[in-house]
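The values are calculated or read from the model by the stated rules, or taken from the named source; none is laboratory data. Just so we're clear, the structure is a prediction, and the values are computed from it rather than from any experiment. Cβ: placed from backbone, ideal geometry, glycine included. Neighbour counts: every protein chain shown.
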Amino acid sequence: MISGCAPDRIYHAPPDLTPQKGASITGIYDPIKNLISTGTYICVNSIDGALPRYGFGGDCSKPILLAPGTHNIEIAADFHPFPAEFGMGTLTANFDAGKAYFIRATGGPVAFKNTNGQVSVPADMIATVWIESDVGAPVTEKLSIPLQTPQSGPIIFVPSK
């Protein structure tokens with residue numbers, strides 16, 4: 001058996017769900033293109049415990065289709081440059097059919113422009129996240145997510161021929 005970073009459960013929207021019959025949620029993806037991955041990623045990390053598939057370095061600002069109803073949305077806040085400051089938290093919201101919802105955020109250790117168009121620069125290592133409807137009304141409370149810099153381990157060089 002081979003194991004690695006493969007999640008236990010992958011999120012799949014019901015096959016007959018359309019944008020008119022379902023709801024959508026969209027994260028914040030603000031990359032800075034350079035030699036290393038930098039930028040701000042505030043993404044849906046899981047929906048009711050199942051992971052969406054963005055692909056490696058994927059764009060989480062594309063809408064994810066949800067069945068109408070109440071869902072637990074785990075949000076991952078990831079601020080770069082390297083090493084990234086990272087944290088996660090879960091919000092519960094009711095999603096209505098035919099509506100679009102958006103993750104909103106403030107805070108973080110580096111300046112970023114969130115999807116509200118606001119620039120945020122506090123260095124308190126806290127990201128505040130919430131979910132808004134398509135008319136800008138909050139549908140969840142604001143959740144403070146403590147951010148941590150990953151602990152680095154030893155660097156291992158593998159020689160090649």
So Glu74 fits all but one of (1) out of contact with any Phe, Trp or Tyr (no Cβ under 6 Å at 6 or more places or on another chain); (2) among the acidic types (Asp, Glu); (3) modelled with pLDDT under 95; what number is the exception? (3)
In segment 21-52, anything assigned to a strand (DSSP E or B) and modelled with pLDDT of 85 or more is listed as Ala23, Ser24, Ile25, Thr26, Ile42, Cys43, Val44, Asn45, Ser46, Ile47, Ala50, Leu51
Sole residue being more than 21 Å from Val129 (Cα to Cα), at pLDDT below 85 and surrounded by fewer than 18 Cβ atoms within 10 Å (Cβ to Cβ), chosen from Gly58, Gly4, Gly98: Gly4
